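First comes the structure, then the notes that go with it.
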Amino acid sequence: MQGSSSTSIDSFLKWLEQEGKSLNTISTYHQELKKFEHWLQGNQQKLGDVTQKDVQDYILFLEEKGKSPITTDKIMGAIRTFSKYLKKPHVTLGIQIQKADKNDEIDVLTKKECEMLLTEVREHENERNIAIVYMLLHTGIRVSELCGLDQSDVDFHEGNLKVISPHGEERVIPLSHELKDHLMKYLPINPTEKALFVSKSNERLTERSVQYMLKKYGVNAQKLRHTFCQQLIDKGVGLEVVSKLAGHKDINVTKKYARSRVQQSEYEDAIRKTFSND
């Protein structure tokens, strides 16, 4: 399986060279296609048999990981060119890519929307899914981090969660009382000994599975992560603390949440309070 796919990529790269593409472009396409191939293999799919649904799921996966619309569009360009080379241009038609927000607004749930989401999830009475949604909303972890969690990462005695970021850095996040309660309800029905969240076949949950589950409720993991950060900022939590809890490598990423909630009236109030004669 892998050999065939790799051969396809190799012949594609030679074709790009014949088409006069720069070495930089060829190298970028090679890297992105190998990542796409690796993701497909993790979902029991071959690169040569890729479907439109696979491409859309991969784009969603990239967006869940926090890839910017510009980066995602570049990756899509590599997949689009490869699909044309395979004479399967239809697999990239109609693919939706999240657009960059001109106002740098961050898409978050309001307090009421959070309550409605949690109510809806609880009504379905699936303890695993309830625990997952609370985990994402009350810890802000990435979907990849959630899927990588082991039961041993949850410390009920200390009341915290150990998380390993995609960069291999460890951070500890306190558990909310509600999250702790739902984890304690879910764990006794988890038949495995290692992975925290598992499928019906008792395999570790994949990012794709989590995305599908969340899609039923009209949200995605990235939106829940944004909501977590935004709620902390709105409560007056310092940027450095939010940055550490969220596992941001660059505090400038965290600063976006502070900017997104400053309304024009607040600017006006700030000027009045500072320069008023009262």
Which listed residue, of LYS46, LYS88, LYS65, LYS21, is farther than 30 Å from ARG225 by Cα, in contact with a Ser or Thr (Cβ under 7 Å, 6 or more places away or on another chain) and modelled with pLDDT under 90: LYS46
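Take the residues in segment 13-66 that are among the aliphatic types (A, V, I, L, M), farther than 16 Å from LYS84 by Cα and buried (at least 19 other Cβ atoms within 10 Å of the Cβ); name whichever of them is farthest from the chain's Cα centre (by Cα).
Of segment 13-66, the ones among the aliphatic types (A, V, I, L, M) are 13, 16, 23, 26, 33, 40, 47, 50, 55, 59-60, 62.
Okay, now just the ones that are also farther than 16 Å from LYS84 by Cα, so 23, 40, 59-60, 62.
Now narrow it down to the ones that are buried (at least 19 other Cβ atoms within 10 Å of the Cβ): 40, 59-60, 62.
Values: LEU40: 17, ILE59: 11, LEU60: 8, LEU62: 7 Å.
Among those that are among the aliphatic types (A, V, I, L, M), farther than 16 Å from LYS84 by Cα and buried (at least 19 other Cβ atoms within 10 Å of the Cβ), it is LEU40.
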Residue within segment 134-146 that is of a type in the set (S, T, N, Q), closer than 24 Å to SER201 by Cα, in the same structural domain as VAL210 (by TED's automatic domain parsing) and modelled with pLDDT of 95 or more present: no
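Determine whether segment 178-190 contains at least one residue that is part of a helix (DSSP H, G or I) and in contact with a Cys (Cβ under 9 Å, 6 or more places away or on another chain). Talk me through it step by step, then tell me what you get.
Our first condition is that a residue be part of a helix (DSSP H, G or I); within segment 178-190, this holds for 178-189.
Remaining after also requiring in contact with a Cys (Cβ under 9 Å, 6 or more places away or on another chain): none.
No, that holds for no residue.
Scan segment 195-231 residue by residue and report those that are among the aromatic types (Phe, Trp, Tyr) and either modelled with pLDDT under 90 or not in a loop (DSSP other than H, G, I, E, B) (or both). Please lay out each step first, then the result.
Initially, segment 195-231 is screened for residues among the aromatic types (Phe, Trp, Tyr), giving 197, 212, 217, 228.
Once the filter is applied, which keeps residues that are among the aromatic types (Phe, Trp, Tyr) and either modelled with pLDDT under 90 or not in a loop (DSSP other than H, G, I, E, B) (or both), segment 195-231 yields TYR212, PHE228.
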Verdict on THR72 being modelled with pLDDT under 90, part of a helix (DSSP H, G or I) and hydroxyl-bearing (Ser, Thr, Tyr): yes
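The values are calculated or read from the model by the stated rules, or taken from the named source; none is laboratory data. What you are looking at is a predicted structure, and each value in this text was computed from that prediction instead of being measured. We place every Cβ from the backbone using ideal geometry, glycine too, and count neighbours over all the protein chains shown.
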